[in-house]
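None of the figures in this text is laboratory data; all of them are computed from the coordinates on show. On a predicted model such as this, the values are computed, not experimentally measured, just so you know. Note: ideal-geometry Cβ built from the backbone for every residue, glycine included; neighbour counts use all protein chains shown.
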Amino acid sequence: MSDNETSNSEVETQESQSKETNTDSNSQKSSSTEDQNLKKDGIQDYQFELSLNDAKEKFEDTVDDQNIKIKEVNFDDDRGTYYYEVTGFDKTNEYDVKIDAETGEILENNQEKEDDQAVALEFDQIKTPEEAMKDALNQVDNGRVEGWKLTNENGRAIYEIALIDQDDLEIPAFKNE
């Protein structure tokens, strides 16, 4: 290989590395801009990589307990990272797993003894978060969703929809309500 061929190869490698760096930088910029837009415009129209069912499955795989039941799912953000916080239980323990809504990465995984008699959510009878957000937005003018929580309150499954610059709303979670 001649000196000229070597230098051309080195230049191509440097150009390629420069393009990769620029691509990474651009994706970080667009991700940051996207996060700012979600905080301002709301999450109601954004499709995250992980759905509620994906998060449920990820929780079950992480806890790896056949008897686990889910009592609550919280969808929120921490400094621009949107996540599902899934809380479940068995006869003796409570499990709390925080899952990145875009990457599926487990951000936190906690277990503690539980004496509380929790009520499990029945996912096959529950509206999707998108349906609950739509129901909430139909009740307000110019509403934008900041986050939501799916939980049992007094034996009834509900979504607590957090709105930007407005009071939170409780939406019945069962499909037929």
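With K and R counted +1 and D and E -1, the other residues having a Cβ less than 12 Å from that of Ile158 yield a net charge of -4. Per-residue 3J(HN,Hα) values for region 130-146, derived from phi via the Karplus relation 6.51 cos²θ - 1.76 cosθ + 1.60 with θ = phi - 60°, read 4, 5, 5, 5, 4, 4, 5, 5, 5, 9, 10, 8, 6, x, 9, 8, 9 Hz in sequence order (x marks Gly and Pro).
By average Cβ neighbour count within 10 Å, what is the ranking of 158-164, 79-85 from highest down? Please list the in-between numbers first.
Numbers: 158-164: 20.6, 79-85: 17.4.
Per-residue Cβ counts within 10 Å, averaged per peptide and sorted highest first, yield 158-164, 79-85.
The 3J(HN,Hα) values that the Karplus relation (6.51, -1.76, 1.60; θ = phi - 60°) gives for region 91-104 are, in residue order, 5, 10, 10, 10, 10, 10, 10, 9, 10, 4, 6, 9, 9, x Hz. Gly and Pro appear as x. With contacts taken as Cα pairs under 8 Å at a separation of at least 6 residues, region 62-123 carries a relative contact order of 28 percent.
Across region 57-177, C-alpha contacts under 8 Å between residues 6 or more apart give a mean separation that, scaled by the residue count, equals a relative contact order of 20 percent.
Which entries in Lys40/Lys149; Lys71/Lys175; Lys40/Lys71 show an alpha-carbon gap greater than 24 Å?
Working: Lys40/Lys149 19 Å; Lys71/Lys175 18 Å; Lys40/Lys71 30 Å.
Cα-Cα > 24 Å for Lys40/Lys71; rest within.
Under a 5 Å amide H cut-off, with hydrogens placed 1.01 Å from N, Asn93 pairs with Glu114 among residues at least 5 apart or on other chains. In sequence order, region 58-67 has phi-based couplings of 4, 4, 4, 5, 5, 6, 6, 9, 5, 9 Hz under the Karplus curve 6.51 cos²θ - 1.76 cosθ + 1.60, θ = phi - 60°, and Gly or Pro positions carry x.
Scanning residues 5 or more positions from Leu107 or on other chains, those with amide H under 5 Å from its amide H are Lys98, Ile99, Asp100, with H placed 1.01 Å from N in the peptide plane.
Taking amide H as placed 1.01 Å from N in the peptide plane, the amide H of Gln44 sits under 5 Å from that of Val145, each at least 5 places away or on another chain.
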